[in-house]
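In what follows, a single structure is set out as structure tokens and then discussed.
The values are calculated or read from the model by the stated rules, or taken from the named source; none is laboratory data. Remember, predicted model here, so these are calculated numbers, not experimental data. Neighbour counts are summed over all protein chains in view; Cβ atoms, including those assigned to glycine, are modelled from backbone coordinates with ideal geometry.
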Amino acid sequence: MHLSELNIRMIQLLLLKSEIPLKDLSYQFHMPIKKLKYEIEKIASDFDIHLKNDALLINDTYGVKEKLHQLSLKNMIFNENERIDLILFYLLTNQSYISIEHLMALTQSSRNTVLQDLKTLKKQVNVLNGKIEYNRTMGYLLKINNEDRDLLFINLVYKISNKYYALFLLQYLSNTTENYLYAFQDEISTLINTLDKNISETNVNALKFAYYTLEKYIYISKNENIHYVNGAPQLNVLKAYPPIILMMVHSMSHTNNGAIVSDEYSEKILLDFIHQFEIFSGVIIINKDDLLTKLSRHFYPAVLRARYGIDTVVNTQFLEDENLSPIITFTKRAIKHLEQTLEIKFSHKEIVLWSLYFAGALRNQGNIIEEKIVGIVLCPNGVAVSHAITQKLQQHFPAITFLEPSAISKINQIEDQIDIVFSTHPIKSNKQVFLISTMPSRKELDYLSDKINEEFSIHFKPHYSLNDLLEVIREHTDIRNERALIKDIQRLLKVNSKFKEAYQPMLKELLTKEFIQTNIDASDWKDAIQQASEPLLSHHIITQDYVTSMINSVIELGPYIVIMPEVAIPHSRSEDGAIEVGLSLANFKTPILFPNDKPVKLMIVLSAKDEKSHLKALAEMTELLGNETYVDKLKQSDSVEVILNLINKVYQ
């Protein structure tokens, strides 16, 4: 009888539920039904499994359990990845002579298969600055520095420990029939309770596997520098545990009591991480406090894993659907600054986990995120020229998210964050580079649109200015009275107060002087929301029900609308009374105290009538709020004109 890991997982599932539809199994194992039936045929006769009405049946569950209990390593069929993990683990743990025959017996494979696996494994080990050698005295040897050896051991523990064959492997290596899951159960439970950790069953199994391997001297660490440093009162208890085990525990989870391993520094860099995500996604995170709390809980174990080279055990492959894909892209780009600050590198799987927190925040506030192209202007002609080109491109390509202009010398540092480079000089880059003049004309921009569309298969709808229109008219006619023509065109093209559904108005179109109030004297936070909403009410953009709903949301959910120190963005669902997309801004004479002692000096009321029409304005608002100097002026200024000038700086 020979079984694969997949075969055993199928049998285990049938033991839990004696009859399972094929379609359920297909979804469970992400496998077409045709291939599924092929796998079932391999085990049907040995385990008395029947197919009836497109469902699998198992009659004798006791008999099946007995057969599983009698299995050993010699009954297993391993795929290539499993064989390579087994060989590598064997090389790490075995202190005696290792021949090709030993590896054949371990993996239940032919000589040629093992030789091919060794060839593949040598390449992988070379990446880790190690090598696999063979000599007649010692056989096959793994040579790697002691610190990397321990980290390799930990990563293999995570890979192997939750496989069914993990038990067979340790029995094979220890030459016993002992079950490692129960051998040191009390010790692991004591450790988890001492550290007050909330650890998943998957990670507990990994700890049991590693602890057994270390305590039975199957694996012996050669790293004399590894030690556990902690000022905790439980230090005497923890000294009894191998340092590798303590390292693994602290890379797994947060404490049960809800304490967050955080400080002002980590909070600051996480807030910057959130801000970077807002820039790349073009969406402002409304409830920053809640997101910050969740990110803080994830922060310490994730950073520790990255620092020690331990990858997460979570299988993120099946999380990466088309809905999460753009959020993963934004997270990958936004996290670069965090990686540079901490001098670490997160794996792709870790980035997927980070992205889930942002996905949850966006889902809660009703945003639908789509993939965006990110561009940057690289120009050696100075900051002013670079910003002027960027502003011109932003107007013509509103679908592209533009980063702050940068020096050409920094291209290698930012390549992972961008899709397109616009440059006035030829440069070498792994990304698509489009050459552009310092003062691009309308014709040049149109030509550029065609080139970008060819490369990225995205249709752009550029925004043309009045000057662009006049340029076309001048080419084909003589203008008698240009001033009168401009006036008539402006009157004809004047934006209607009710924006069309597909159009996303800019911040400066929404926050005009009629929607800005300064030095409001509010009696309490409820009155503050009411007064800040008055311009939207008087212009029939929202109803009083919308204001009531915003107030009730704070009563029910707390001050989630306070997105940063002294800044609040009240909002509600469109069905609660949002008639049009709109914004109003107000600052107060003195800070208004919200629940949980949250002071607010600046308030921006948002009316979102659908999921998309407000996104452009919010993205620009995010940019404005990302500048501390601007925020201070918005809080303190008693001049509407000063505030309007600050808003216009977003477009400069």
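Inspect all residues belonging to region 585-600 and state whether any of them is in the same structural domain as HIS540 (by TED's automatic domain parsing), under 12 Å from LEU510 (Cβ atoms) and either at pLDDT 90 or above or surrounded by fewer than 18 Cβ atoms within 10 Å (Cβ to Cβ) (or both).
Taking every residue of region 585-600 in turn, at least one turns out to be in the same structural domain as HIS540 (by TED's automatic domain parsing), under 12 Å from LEU510 (Cβ atoms) and either at pLDDT 90 or above or surrounded by fewer than 18 Cβ atoms within 10 Å (Cβ to Cβ) (or both).
Considering region 269-306 alone, what residues qualify as being of a type in the set (D, E, K, R) and within 17 Å of LYS336 (Cβ to Cβ)?
Residues satisfying the conditions are ASP272, GLU278.
Can you tell me which residue in region 409-433 is farthest from THR329 (Cα to Cα), limited to those that are part of a helix (DSSP H, G or I) and within 27 Å of the chain's Cα centre (by Cα)?
Result: LYS410.
Test VAL581 against the criterion of being under 20 Å from THR512 (Cα atoms), in contact (Cβ under 8 Å) with a residue 40 or more places away in the chain and either crowded, with 16+ Cβ neighbours inside 10 Å or not assigned by TED's automatic domain parsing to the domain that holds LYS392 (or both), and give yes or no.
yes
Please list, ordered by residue number, the helices (runs of 4 or more DSSP H) wholly in region 204-287 having 3 or more residues that are at pLDDT 70 or above.
Answer list for region 204-287: 243-250, 264-281.
LYS159 - would you say it is under 30 Å from the mean Cα position of the chain (by Cα), farther than 21 Å from VAL127 by Cα and modelled with pLDDT of 85 or more?
It is false that LYS159 is under 30 Å from the mean Cα position of the chain (by Cα), farther than 21 Å from VAL127 by Cα and modelled with pLDDT of 85 or more.
If the requirement is being over 35 Å from the mean Cα position of the chain (by Cα) and aromatic (Phe, Trp, Tyr), which of these qualifies: TYR62, TYR27?
Result of the check over TYR62, TYR27: TYR62.
Those residues that are basic (Lys, Arg) and surrounded by 15 or more Cβ atoms within 10 Å (Cβ to Cβ), I need them from region 400-436; list them, please.
Across region 400-436, the qualifying residue is only LYS431.
From GLU101, GLU178, GLU201, grab the single residue that is within 21 Å of LEU6 (Cα to Cα) and free of Cβ contacts under 8 Å to residues at least 24 places away in the same chain.
One residue alone meets the criteria, GLU201.
Which of the residues that make up region 199-226 are under 15 Å from VAL249 (Cβ atoms), surrounded by 14 or more Cβ atoms within 10 Å (Cβ to Cβ) and either of a type in the set (D, E, K, R) or not assigned by TED's automatic domain parsing to the domain that holds TYR158 (or both)?
Result: LYS208, single match.
Which residue pairs have Cβ atoms under 8 Å apart, sit 6 or more places apart or on different chains, and have a first residue in region 1-20 that is farther than 15 Å from ASP46 by Cα and a second that is among the β-branched types (Val, Ile, Thr)?
LEU13/ILE20; SER18/ILE58; SER18/THR61; GLU19/ILE58
Going by the structure shown, is LEU91 under 19 Å from TYR219 (Cα atoms) and either among the small types (Gly, Ala, Ser) or out of contact with any Ser or Thr (no Cβ under 9 Å at 6 or more places or on another chain) (or both)?
yes
For (1) among the aromatic types (Phe, Trp, Tyr); (2) surrounded by 15 or more Cβ atoms within 10 Å (Cβ to Cβ); (3) out of contact with any strand residue (DSSP E or B) (no Cβ under 8 Å at 6 or more places or on another chain); (4) under 14 Å from ILE84 (Cα atoms), each residue gets a yes or a no:
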| residue | (1), (2), (3), (4) |
| --- | --- |
| ILE132 | no, yes, no, yes |
| PHE168 | yes, yes, no, no |
| TYR172 | yes, yes, yes, no |
| ASN179 | no, no, yes, no |
| LYS197 | no, yes, no, no |
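Evaluate the following for ILE489: is it surrounded by 12 or more Cβ atoms within 10 Å (Cβ to Cβ), among the β-branched types (Val, Ile, Thr) and modelled with pLDDT under 90?
Considered against the rule, which asks whether it is surrounded by 12 or more Cβ atoms within 10 Å (Cβ to Cβ), among the β-branched types (Val, Ile, Thr) and modelled with pLDDT under 90, ILE489 comes out as yes.
Looking at region 606-652, which of its residues are of a type in the set (Val, Ile, Thr) and closer than 16 Å to PRO505 by Cα?
THR622, ILE647, VAL650
Output the residues belonging to region 536-553 that are over 38 Å from the mean Cα position of the chain (by Cα) and buried (at least 23 other Cβ atoms within 10 Å of the Cβ).
Within region 536-553, no residue meets the criteria.
How about region 1-76: which helices (runs of 4 or more DSSP H) wholly inside it have at least 3 residues that are of a type in the set (A, V, I, L, M)?
Of the helices (runs of 4 or more DSSP H) lying wholly inside region 1-76, those with at least 3 residues that are of a type in the set (A, V, I, L, M) span 5-16, 33-44.
Evaluate the following for VAL650: is it at pLDDT 90 or above, touching a helix residue (DSSP H, G or I) at 6+ places or on another chain (Cβ under 7 Å) and surrounded by 16 or more Cβ atoms within 10 Å (Cβ to Cβ)?
Considered against the rule, which asks whether it is at pLDDT 90 or above, touching a helix residue (DSSP H, G or I) at 6+ places or on another chain (Cβ under 7 Å) and surrounded by 16 or more Cβ atoms within 10 Å (Cβ to Cβ), VAL650 comes out as no.
Looking at LEU25, LEU13, LEU88, which one is within 26 Å of LYS159 (Cβ to Cβ) and at pLDDT 85 or above?
LEU88
So which residues in region 21-56 are touching a residue at least 24 places away in the same chain (Cβ under 8 Å) and out of contact with any helix residue (DSSP H, G or I) (no Cβ under 8 Å at 6 or more places or on another chain)?
Across region 21-56, the qualifying residue is only PRO21.
Report those strands (runs of 3 or more DSSP E) wholly inside region 520-624 carrying at least 1 residues which are among the charged types (D, E, K, R) and more than 21 Å from ASN287 (Cβ to Cβ).
582-594
Is it the case, given these coordinates, that LEU36 is modelled with pLDDT under 85 and more than 30 Å from LYS216 (Cα to Cα)?
no
Residues in region 68-99 that are charged (D, E, K, R) and surrounded by fewer than 18 Cβ atoms within 10 Å (Cβ to Cβ): how many?
Qualifying residue count for the region: 2.
Just the residues that are of a type in the set (Ser, Thr, Tyr) and surrounded by 13 or more Cβ atoms within 10 Å (Cβ to Cβ), please, taken from region 19-60.
SER26
Give just the number: which of (1) among the polar types (S, T, N, Q); (2) under 26 Å from GLN108 (Cα atoms); (3) in contact with a Lys or Arg (Cβ under 8 Å, 6 or more places away or on another chain) does ASN179 not satisfy?
All conditions are met except number (3).
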